[in-house]
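The values are calculated or read from the model by the stated rules, or taken from the named source; none is laboratory data. Everything quoted here is computed from the prediction, not taken from an experiment. Positions of Cβ are backbone-derived with ideal geometry, glycine not excepted, and every protein chain shown enters the neighbour counts. Ligands, DNA and RNA are excluded from the accessible area calculation, which covers all protein heavy atoms including side chains. Shrake-Rupley method; radii C 1.70, N 1.55, O 1.52, S 1.80 Å.
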Amino acid sequence: MKLENITSRLSEEQVKADNELVTQIQIKLRGLGLYPGGKFVDGDFGPRTRNAIKSFCDAVGIPFPQYDRNFAQNLLTKKQLPSVLGMVTSNRTQTFQNLLDIAKATRPPEGEVAFLHRGIQKSKYIPEIAEYAERLTTKHEPQALPSTYTPYPKRGVIPNIDSQGLNFLHSDIKEACICIGNFANEEIKTRWLGKNALEERQFWSASKIIPILNIVCDANTKAPGVDIANCYINESRNKFTDIALDIISYRGKITSSNAGAACLKLFQTPTALETWVKNITGNQQLSFRGGYGENAFIRQPKLFDRISGKQILTSPGAPLDGQNLLSAYDLTRLISMLGWHWHLPGDARLPGAQWQSLKSIVQAMGNDRARYIDVAIETLGLENVITSPVIISKLGNGFSESRTSHEITYVAFVEFIDERNSNANQPGKFKTLAMTLRAAVQPPRTLVEVDARMAADVTEIIRRVIVNEII
């Protein structure tokens, strides 16, 4: 049975016995911020589901437990509960504790944690991924912006970063950089905020977006008409976009994420790739010459265009040798250049990159396993009032022996329309931002705790953007 088909009162036992109905109820409650997503949407009517139903009934003022047409219609039609957003606003400590409780109850495979490794499989946004690239080409209505917003900087120029703007982040978030954008006078203008934003740190697998973007830029510089979606490495079964997807999603169709990223770094000498990043971000202190803990799955890679049959790129044969030490600003700069490519002037774009190639990278990055943005939207109860989303990201994590700490890194680009107060006379509000965060805790604190902390602070960032506390 579905909620739409409820015409008379059902007993709780009848509801419990109907897996399809319980799943639909869980999905509706998730959208209102009353029930966690991911593996918890399972059709099993347990205490968590019952408590969420009670919270919903209390919020809308209907009897509990009373599973009748009135209950069904309220659950079907209610788009948002302002009380949920208000609760998150008023009590950040409780929000973190709720997320930590969910993380502890999730029981992912050994070595994984709830939100970092949640996976795309149960994400509401799977059907949206195919639309991401097209949405990123849309130019939205200009807005009156504060003087803190300035034109997007040219390549090689470090913007003015407000070093106090992220003081609200928890002390477990060691470094962060956020770039908020909006349209004014037909161009993207931005505000940059940071917390130790230019400190060089190990950002683990989050930095794997760099060789992917570098190859697109290099290939399109040499052959502007080439679409990277039609390229392969050495053998036709090794499609570049499949390797990029393996790197982002860890699905392992062709290679492991680490071996794939190490392979792509071999298309440049370590010095040349490092210099490329410096020339884009303007940060001359970074180091990007290391590998990812595994040998490249192809040690002498060549990039071919399937359409013409021509070789586009080849490896110079220089081995990886060094460290990968970047700043939160560097990664935020690169992912924002990807997300806003269509709206940036030529001297601010990823050099040489053509949109027909970049859109494949956008689609691959929509499949990141870390679903912190999903969790933020669920926690805030905004799932039903956010439209036209774009969520691209890359996770990273590891245990640092030198710092004796569990660490999670996360780089993301997000845009959406906030429809909470939209009507025939007032359109929804366009929101877009890029972010990079590194969180760390030392034992006996655990990776589970730092995972919940990252989820909580990403939620707080999205909340502040939604309610205009960051403008």
Practice task
Output the antiparallel fraction of DSSP beta bridges having both residues in the chain, as a percent to the nearest 5.
Solution key: 95 percent
Problem - Cα gyration tensor category, rounded, prolate or oblate, for the range 270-361 with a/c compared to 1.5 - result: oblate
Handout entry: Computed lengthening from ALA105 to GLU401, 0.36 nm per intervening residue step minus Cα-Cα distance
Key = 103.7 nm
Handout entry: Net +/- balance of residues flanking ILE53 in space, Cβ distance below 12 Å, scoring K and R +1, D and E -1
Key = +3
Practice task
Please work out whether the range 316-471 counts as rounded, prolate or oblate from its C-alpha gyration tensor, where a ≥ b ≥ c are the square roots of the eigenvalues and a/c under 1.5 means rounded, while otherwise a/b larger than b/c means prolate and anything else oblate?
Solution key: oblate
Exercise for the section: For GLN164 and GLN311, compute 0.36 nm times the residue count separating them, minus their Cα-Cα distance, and round to one decimal in nm. Expected result: 48.1 nm
Handout entry: Near-label residues of the range 218-234 by backbone N, under 11 Å of a point 7 Å along Cα→Cβ of GLN356
Key = 224-230
Exercise for the section: Whole number in Å², please: accessible area per residue of the range 81-189, 1.4 Å probe, ligands, DNA and RNA not counted. Expected result: 52 Å²
Practice task
For the chain, give the percent of accessible area contributed by carbon and sulfur heavy atoms, probe 1.4 Å, rounded to a whole number.
Solution key: 46 percent
Completion exercise
accessible surface per residue for the range 6-64, probe 1.4 Å, DNA/RNA/ligands not counted, whole Å² -> 46 Å²
Completion exercise
Along the range 60-74, Karplus-curve 3J(HN,Hα) (6.51, -1.76, 1.60; θ = phi - 60°) to the nearest Hz, with x for Gly and Pro, reads 9, x, 10, x, 9, x, 8, 8, 10, 4, 4, 4, 4, 5, 4
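Pull out the extension gain between LYS54 and LYS302, defined as 0.36 nm times the separation in residues minus the alpha carbon to alpha carbon distance; nm, one decimal.
Difference between extended and current length: 83.3 nm.
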Practice task
Using R₀ = 22 Å, calculate the FRET efficiency as 1/(1 + (r/R₀)^6) where r is the Cβ-Cβ separation of ALA318 and GLN284; round to 0.05.
Solution key: 0.55
Completion exercise
Rounded to the nearest 10, the angle in degrees between the Cα long axis of helix 92-106 and the longest principal axis of the Cα atoms of the chain comes to 90 degrees
Handout entry: Gyration tensor verdict on the chain (Cα atoms; rounded if a/c is under 1.5, prolate if a/b is larger than b/c, oblate otherwise)
Key = prolate
Practice task
Mind pulling the angle between the C-alpha long axis of helix 240-249 and the longest principal axis of the chain? Nearest 10 degrees, somewhere in 0 to 90.
Solution key: 50 degrees
Practice task
Using packing as a proxy for protection, rank 432-439, 214-221, 6-13 so that the peptide with the highest average count of other Cβ atoms within 10 Å comes first.
Solution key: 432-439, 214-221, 6-13
Fill in the blank from the handout: Rounded to the nearest 500, the 222 nm mean residue ellipticity computed for the chain from DSSP H runs (n ≥ 4, each -39500 (n - 2.57)) alone is -10500 deg cm²/dmol
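What FRET efficiency, computed as 1/(1 + (r/R0)^6) with R0 = 41 Å and r the Cβ-Cβ distance, is obtained for ASN295 and GLU199, rounded to the nearest 0.05?
Taking R0 as 41 Å, the efficiency between ASN295 and GLU199 is 0.85.
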Problem - Relative packing of peptides 303-310, 171-178 - highest average C-beta neighbours within 10 Å first - result: 171-178, 303-310
Handout entry: Debye, to nearest 20: dipole size of the range 180-229, +1 on Lys, Arg Cβ, -1 on Asp, Glu Cβ
Key = 200 debye
Handout entry: Average Cα contact separation per residue, the chain, under 8 Å, 6 or more apart, as relative contact order %
Key = 20 percent
Problem - Under 5 Å, built H, 5+ apart or other chain: amide partners of LEU395 - result: ARG369, ALA370
Problem - Amide N of the range 25-53 lying under 16 Å from the label point, which is placed 7 angstrom from the Cα of ILE126 along Cα→Cβ - result: 27, 37-43
